[in-house]
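Let me begin by presenting the structure, written as structure tokens, before commenting on it.
All of the numbers you see were taken from the coordinates with simple rules; none came from a lab. Please read all numbers here as calculations on a predicted model, not as lab measurements. We place every Cβ from the backbone using ideal geometry, glycine too, and count neighbours over all the protein chains shown.
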Amino acid sequence: MKKTHSRLTDRIATVYFWLAGLAIIGILGWVLYDILSKGLPQLSWHFITGKPSEVSAGGGVGPMLFNSFYILFLSLIFSLPVGIGAGIYLAVYARKSRFSDLVRLSVEALASVPSIVFGLFGALLFVSWFGWKISIVSGAATLSLLNLPVLVRVTEESLRSVPSSYWEASLALGSSRWQTIRKVLLPSAMPGLITGVTLVAGRALGETAVLIYTAGTAASRHFPDFGLKEMGATLAVHLWYSGSSSLAPDARQIAQGSSALLVLIVLIFNLAIAIPGRIIQKRLTGGK
Amino acid sequence: MSVISERQGRQAEQSGGARSTAWSKRQARQDRLMRSLFIGSAVLVSVVIFSIIVFVGFQGSKTFRDVSVVEFFFSTKWSPSADSPSFGALPFLYSTILLAGLSILLAVPLALSGAIFMAMIAPRWIREIMRPATDLFVGIPSVVYGLIGLTVIVPFLGKTFHGSSSAGYGILPAAIVLAVMVMPTILSVSEDALRSLPGALREASLALGATRWQTIWRVLLPAARPGILTGVILGLGRAIGETMAVFMVIGNAPVVPKSLLDSTTVLTTAIVKDMANTFFNTPWNNALYLMALVLLLLSLFLILLIRFVAGRSEVK
């Protein structure tokens, strides 16, 4: 009697978990479908490369798309050396000490800071104290702070995954620690590093709260404009602006087109990570 | 690895010093230089977080020159541009807590069921679809979720409950959007926690004659509790700090909401909404920095909470 009871409960539970799993797949699939089905029809060459317009219909997102990648590129230039350096310190040099504990706690804390707080900090430090105004360089500098903790973590993890025999063998051959890091550790950790940097880039491209009050919501009239002191609205900021406060009559369409474009970029980034990773893995494990 | 590295490194330096050829001297000098650069980068990371705390804290605490602590934290009257301005941030605090709690309440049951499904029940090919799919959904920009909320969820709720598609703003649509956003985070952390349990736990329980459900409920879930809690706290942190998606669906009236479909404002959206209207170093602007400080302290508290929860699991 008791046995049939518990067997029935088990069946019900199995059915429930299947339903839950399908519900999650359903929600995620529906989100993707909603974005792409509404946004893809808006995409055209004119939309992707054209200039925006404030009050009339038919504006494009060309300068915003350019700004997105330009600010991303600058922020990576600022944050990559420091992030990778601190990651190397934690993976290779750090012993258990108060200092390394402090660095680790700092990385965790930095990763948890809400992005709007980074935005206010950037507005305080770069925009008003350094006098960089609301500009591309202020936005990129603030964004680089957001990238920093992820870069440190990714570097540390991918360096740790290199077998320690590599390190020992290289030192035994008489190379210095720096030579070993440069010629042995970093090349072997490269696939992990590239994956990590791509993840950071994807996240930075979609970031809005950091940039509204550091890079601004308007874009330069000229295109492409490499000026560091120009205002630099990115695609994600433009999407937010079109969705909530733009005066253009086709703001809703612009927002939907931008959001499909952003999701496509994120999709491409994710595929770019997944495919080489799978090929490498197949080679290493003999196709299993 | 690092202990070995220290010893080997010292040996290398010593032998280099004994021979003292030009090459090894240059090697040693370069080695020391790079080491200090790496340490410098690590110091810089700590400097960044401390300067964020100090700068935002300093700017925020200037608020108390003009506004009393009691008024800021306990008054519900937010009218910063009136002739006799008042800066009561209680509505924002209240809505922030309500919103974060509600979105976690919506997200956790489904995320946890999904994690159990993926870790224990799903056939391999479904798992191989769901894993990258959840990663993708962590990566989708928050404004995109906000736009879906604005174009789909707000009109739907408005029509269903108030008969008009423009009346659907408030905490409920924001909580639904946030629940979809934090669910993949909670799911993947919980799944990792379940998956990293030793297989012996499951096998022993099944060998004793327990059904799969009994094993999950009585053995695996309790054992994975620290990891699951970590995932929930991470999700909570994301829900508290999320700005743009919430801004688009919450309505942005600076009042305590009477219902879940009543326009209101949370800390993050109050900052975004008002920053454009304020000048630097005015009480209004400082009050926004004080709100950022509150957010910062909340998220730091959650990090310490995760450390506490995860630390307890190691002792076990």
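Structure data summary
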{"quantity": "Test item: A:93-99 mean partner chain Cβ contacts at 10 Å", "calculated": "3"}
{"quantity": "Net charge, A:ARG177 excluded, C-beta distance under 9 Å - Lys, Arg +1, Asp, Glu -1", "calculated": "0"}
{"quantity": "Packing-based order for B:108-115, A:119-126, B:95-102, using average beta carbon neighbours within 10 Å, highest first", "calculated": "A:119-126, B:108-115, B:95-102"}
{"quantity": "Peptide B:240-251 - average C-beta neighbours from other chains (10 Å radius)", "calculated": "4"}
{"quantity": "Charge context of B:ASN281, other residues only, Cβ under 14 angstrom, K/R +1, D/E -1", "calculated": "+1"}
{"quantity": "Dipole of the stretch B:167-316, positive direction: furthest Cα of B:LEU172, B:ALA207, B:VAL249, with charges on the beta-carbon", "calculated": "B:ALA207"}
{"quantity": "Ranked by how many other beta carbons lie within 10 Å on average, peptides A:138-147, B:134-143, B:197-206 from highest", "calculated": "A:138-147, B:134-143, B:197-206"}
{"quantity": "Span from the the stretch B:161-215 Cα centroid across to the the stretch A:176-254 one, whole angstrom", "calculated": "31 Å"}
{"quantity": "Kirkwood Rh and Cα Rg combined as Rg over Rh, evaluated for the protein assembly as shown", "calculated": "0.99"}
{"quantity": "Principal axis dimensions, largest first and in whole angstrom, of the stretch A:14-104 by Cα", "calculated": "59, 51, 20"}
{"quantity": "For the stretch A:225-234, 3J(HN,Hα) per residue [Karplus equation, 6.51 cos²θ - 1.76 cosθ + 1.60, θ = phi - 60°, Hz, x = Gly/Pro]", "calculated": "10, 8, x, 6, 9, 6, 5, x, 5, 9"}
{"quantity": "Chain B: C-alpha gyration tensor shape, a/c 1.5 cut-off, then a/b vs b/c", "calculated": "oblate"}
{"quantity": "Estimated dipole of the stretch A:46-285 in Debye, rounded to 20 [Cβ of Lys and Arg +1, of Asp and Glu -1, Cα centre]", "calculated": "680 debye"}
{"quantity": "Using θ = phi - 60° and Karplus 6.51 cos²θ - 1.76 cosθ + 1.60, couplings along the stretch A:210-216 (whole Hz; Gly, Pro as x)", "calculated": "5, 9, 4, 9, 10, 10, x"}
{"quantity": "Kyte-Doolittle at least 0.5, axis length at least 30 Å by Cα - qualifying DSSP helices, chain A", "calculated": "A:2-39, A:62-88, A:136-160, A:251-285"}
{"quantity": "Qualifying aspartates and glutamates (Cα of each under 16 Å from Cα of B:LYS25; at least 8 residues distant if same chain)", "calculated": "B:GLU13"}
{"quantity": "Amide H within-cut-off set for B:TRP78, under 5 Å, with H built and near neighbours excluded", "calculated": "B:GLY88"}
{"quantity": "Amide H contacts of A:ALA219 (H built 1.01 Å from N, under 5 Å, at least 5 apart or other chain)", "calculated": "A:ALA233"}
{"quantity": "Model label zone, A:SER245; criterion: amide N under 18 Å from point 7 Å along Cα-to-beta-carbon; scope the stretch B:242-264", "calculated": "B:243-255, B:264"}
{"quantity": "Check: the protein assembly as shown dipole with +1 on Lys, Arg Cβ and -1 on Asp, Glu Cβ, in debye", "calculated": "2140 debye"}
{"quantity": "CD proxy at 222 nm, helix term only [per DSSP H run n ≥ 4: -39500 (n - 2.57); per residue of the protein assembly as shown; nearest 500]", "calculated": "-23500 deg cm²/dmol"}
{"quantity": "Given charges at beta-carbon only (K, R positive; D, E negative), |dipole| of chain B in Debye", "calculated": "1160 debye"}
{"quantity": "Shape call, the stretch B:18-177: gyration tensor on alpha carbons, a/c limit 1.5", "calculated": "oblate"}
{"quantity": "Highest-first arrangement of B:168-174, B:275-281, where packing means the average Cβ count within 10 Å", "calculated": "B:168-174, B:275-281"}
{"quantity": "Label-point gap, in nm, between A:SER188 and B:TRP125 - each point 7 angstrom along Cα→Cβ", "calculated": "3.8 nm"}
{"quantity": "Average other protein chain Cβ within 10 Å of Cβ, residues B:289-297", "calculated": "4"}
{"quantity": "Among B:GLY139, A:HIS5, A:TYR70 - extreme Cα towards positive end, dipole of the protein assembly as shown, charges at beta-carbon", "calculated": "A:HIS5"}
{"quantity": "Anisotropy class of chain A from Cα gyration tensor, a/c 1.5 cut", "calculated": "oblate"}
